[in-house]
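Here is the structure we will look at.
Derivation of every value follows stated rules applied to the coordinates shown; laboratory data play no part. Keep in mind it's a predicted model, so treat the numbers as computed, not measured. Cβ: placed from backbone, ideal geometry, glycine included. Neighbour counts: every protein chain shown.
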Amino acid sequence: MEVASSSETFSPQVHVQGFVDEAVKTLDVSDLYSKRDILKSVTYAAAMGVSIETVDELKSVCSMETLKCPLEDVHRDAAEVPTGTELVTLGLRKRYLDSKPNINKNCKFTVLSWNQEHAYQDVKPPPEREVKPQSAVLQVAVFHPSKKNRQKHKGKRMRLAQEYRVLGYQKLTDLRDAITCIADHTIAGEYSERPCNVPDIRAKDIYKSAYFFIENVFYNDLRYEDNRDLSKNVREWKQNKHEGKGSYTTQNMEDVKFNDLHIRLGYPYLYCHQGDCEHMIIFKDLRMFHADDCRDEGLYPLMVDRYRFRRQMCRVCATFTAKWVTYDDQLAEESPCFFCDICFKALHYKDQTKLADFEAYPYVDMGIFNIAIV
Ligand SMILES: [Zn+2]
Ligand SMILES: [Zn+2]
């Protein structure tokens, strides 16, 4: 689907399931994969100026199978790492692959998001994990949270954080769980008095509330008992300001599939979590699932793009990634100042006694999102 005209930056409102119904009526989307092969043969035949039968014959005569020696007849699956190997690296590789059941095991290297889309193109999942036929595919761009000091950052472009492909029959909670934001990973608290006792409890483990705001409806994440309706204040404000006219409605995020939504492509919507971490989201594309898409529904929402962060390095050794940030630090030349764990403790403590006045907070580097997501 495309936007209505070049003067408009967003499309008219469209019901996703309505789009699917219309597409199924108009297009023949059954048996996608065998059609793809037939289409390829037709294209090659036209380009070479020969018949389709000749192309098919050439395909079988020149196939990779004909290049094998008799000794190569033993089938070896590249995804199968042999057990009991004496090679340490291969053993470690096997342990890694066994711990990640969803990874594409044919890939030699860890799969990164920017080639994830293509790496998974030819994956043949077990039948129960095949994407359901006649599904809608939506492409959703998630932007970095908007800055609180709007005046200072006025005129700056919004930066893309991640871009996902979701299936129409997936729930909004599937996208909510896939979106990664540094606010979910922070560790709250000041730990200069007890730097060795930092708990491994992240903000996302405590504050699980969130909502999407799409076409005047708040879709709240209320899956857990402690979750709160974060949209309540906004709805009350709207009610008071407009004296009940045009009030917003709410729904549970887990009860809603993308197929149920009415959306405008290109129109900015909102994802809010951790109280006030607000991300603009945009539906960039709505189309039917096709033969070149990843067929494994377990890999959706499929990340197809993301922002690469620059690592925050330790100010002392300039070698390791920062794990601490200090404020009003008598031993540092700047505030805030960043340290790796080793340099932070070596500089600020002797026999576990604090040597100067400062505030210290565990620092989670945004660069962790550059690491492969598998
Ligand atoms: Zn966020
Ligand atoms: Zn360091």
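Straight distance only, please: which aspartates and glutamates reach the Cα of residue 350 with their own Cα at less than 15 Å, same-chain residues fewer than 8 apart left out?
Partners within reach: 193, 341.
By counting other Cβ atoms within 10 Å of each Cβ, how are 342, 201 ranked from fewest to most?
201, 342
With the cut-off at 21 Å, tell me which of the pairs 323/354; 208/238; 323/345 have Cα atoms farther apart than that.
The answer is 208/238.
On the Cα set of segment 324-370, report Rg and Dmax in Å, please.
Values for segment 324-370 (Cα only, Rg and Dmax): 11.3, 36 Å.
For residue 278 paired with residue 353, estimate the spin-label separation in nm (one decimal), with each label point 7 Å from Cα along the Cα-to-Cβ line.
For residue 278 paired with residue 353, the spin-label model returns 5.0 nm.
By count of other Cβ within 10 Å, fewest leading, how are 160, 175 ordered?
Exposure proxy ranking, most exposed first: 160, 175.
Sorted from fewest to most neighbouring beta carbons within 10 Å, what does the list 353, 43 look like? Write down the numbers at each step before the final one.
Details: 353 7, 43 11.
Least to most surrounded, the residues fall as 353, 43.
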